[in-house]
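The values are calculated or read from the model by the stated rules, or taken from the named source; none is laboratory data. Not measured: the values here are computed from a predicted model. Because the Cβ atoms are built from the backbone with ideal geometry, glycine has one as well, and the counts that use them run over all protein chains shown.
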Ligand code: ATP
Ligand code: MG
């Protein structure tokens with residue numbers, strides 16, 4: 001059906017992210033409940049229209065592992081994206097409420113994400129680009145689906161230009177400026193699975209006390225020069241303390257003098273939540289230079305699961321498998337054949 005903003009009645013807010021907010025709404029003519037994502041886009045009308053056109057691909061994305069799409073429209077200065085409402089919310093909210101998630105459910109999450117990624121890539125040549133627990137949703141029927149994938153190149157650009165993201169699920173090769181591939185999503189999946197199984201974000205130990213910038217500058221010199229989404233996004237990441245209002249979060253990071261100064265200022269900024277004490281740059285440096293996190297402690301998790309997660313987190317993208325290859329891993333096959341009752345689990349909270 002044709003979606004019009006006038007037909008949507010706001011119910012309540014579901015959450016806020018870097019790019020905007022999400023509300024539960026009712027489509028009054030049909031009584032359908034939807035999630036309406038409102039993205040503030042600072043772009044020319046022609047670019048907005050282009051984004052809207054690109055988003056239409058989502059109409060063709062049909063899979064039980066992908067959130068369904070009802071439509072998108074402009075509501076100046078915002079773009080509204082209406083999608084299937086998932087009544088149990090995202091997995092970050094779930095584990096923060098109930099604690100570490102049992103491993104057979106984590107296995108079902110891995111299976112759903114791999115199936116969703118394989119569908120997006122095989123059928124539509126879409127790379128997700130933002131796999132993390134807040135983009136994996138669950139409902140009381142026990143369905144697990146992914147949302148917020150990168151269908152619109154223009155939308156990705158506009159958000160990258162406008163907002164400061166904490167891309168802490170970013171793979172080492174992406175941090176260093178390499179192209180996005182479907183294997184970057186696999187890294188992000190590995191980090192997300194550890195987070196769900198442990199009940200906290202896996203990079204949490206290092207402290208940000210040290211104010212010596214030399215290590216930071218060494219690190220910066222290892223990065224490739226400003227390619228979109230590499231140096232640019234790191235400068236953007238580092239340059240705005242999270243306390244600034246959104247309007248100040250714009251990054252024109254390529255102004256070298258200013259950027260350098262702002263980077264210094266950012267050194268002390270700590271990530272909030274999950275007990276994190278690393279600054280964003282320290283974290284990115286850690287991801288590039290240190291061994292990947294694992295499902296630990298030794299012995300707590302079955303070997304198949306540990307092996308699977310290790311394979312998602314090969315630092316060399318050439319060694320890392322694709323989602324399709326990972327679907328054949330033993331842990332995933334075992335999960336597929338086990339009858340894990342996600343519906344019963346989802347109705348315990
Ligand atoms: P970021 O902006 O960094 O990607 P995010 O994914 O948390 O972070 P949003 O995509 O704006 O930000 O989503 C905000 C919150 O809204 C999510 O954390 C999720 O809990 C909730 N949400 C999003 N889509 C839906 C949906 N379809 N059904 C139910 N809840 C949703
Ligand atoms: Mg999201």
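Key figures for this structure:
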| read-out | value |
| --- | --- |
| Failed item, numbered, when residue 146 is tested on (1) away from ligand 2 (no atom under 14 Å from the Cβ); (2) surrounded by 23 or more Cβ atoms within 10 Å (Cβ to Cβ) | (1) |
| Condition met for residue 127 (in contact (Cβ under 8 Å) with a residue 24 or more places away in the chain, touching a helix residue (DSSP H, G or I) at 6+ places or on another chain (Cβ under 6 Å) and more than 12 Å from ligand 1 (Cβ to nearest atom)) | yes |
| Residues satisfying the stated conditions in the stretch 270-314, i.e. in contact with a strand residue (DSSP E or B) (Cβ under 9 Å, 6 or more places away or on another chain), at pLDDT below 50 and surrounded by fewer than 20 Cβ atoms within 10 Å (Cβ to Cβ) | 270 |
| Pair list, Cβ < 9 Å and 6+ apart or interchain, from the stretch 136-163 residues that are on the phi > 0 side of the Ramachandran plot and at pLDDT below 95 to residues that are within 11 Å of ligand 1 (Cβ to nearest atom) and assigned to a helix (DSSP H, G or I) | 148/134; 148/135 |
| Test: residue 87 is surrounded by fewer than 16 Cβ atoms within 10 Å (Cβ to Cβ), touching a residue at least 12 places away in the same chain (Cβ under 8 Å) and part of a helix (DSSP H, G or I) | no |
| Residue in the stretch 43-58 that is within 30 Å of residue 349 (Cα to Cα) and touching a residue at least 60 places away in the same chain (Cβ under 8 Å) present | no |
| Matching strands (runs of 3 or more DSSP E) fully within the stretch 1-81 where at least 1 residues are over 23 Å from residue 139 (Cα atoms), under 20 Å from the mean Cα position of the chain (by Cα) and within 16 Å of ligand 2 (Cβ to nearest atom) | 32-40 |
| Count of residues meeting criterion [within 14 Å of ligand 1 (Cβ to nearest atom) and under 12 Å from residue 3 (Cβ atoms)] in the stretch 68-103 | 8 |
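One line per residue, one yes/no per condition, for (1) within 19 Å of residue 195 (Cα to Cα); (2) part of a loop (DSSP other than H, G, I, E, B); (3) in contact (Cβ under 8 Å) with a residue 12 or more places away in the chain:
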residue	(1), (2), (3)
306	yes, no, yes
311	yes, no, yes
314	yes, yes, yes
317	no, yes, yes
334	no, no, yes
339	no, yes, no
345	yes, no, yes
348	no, yes, yes
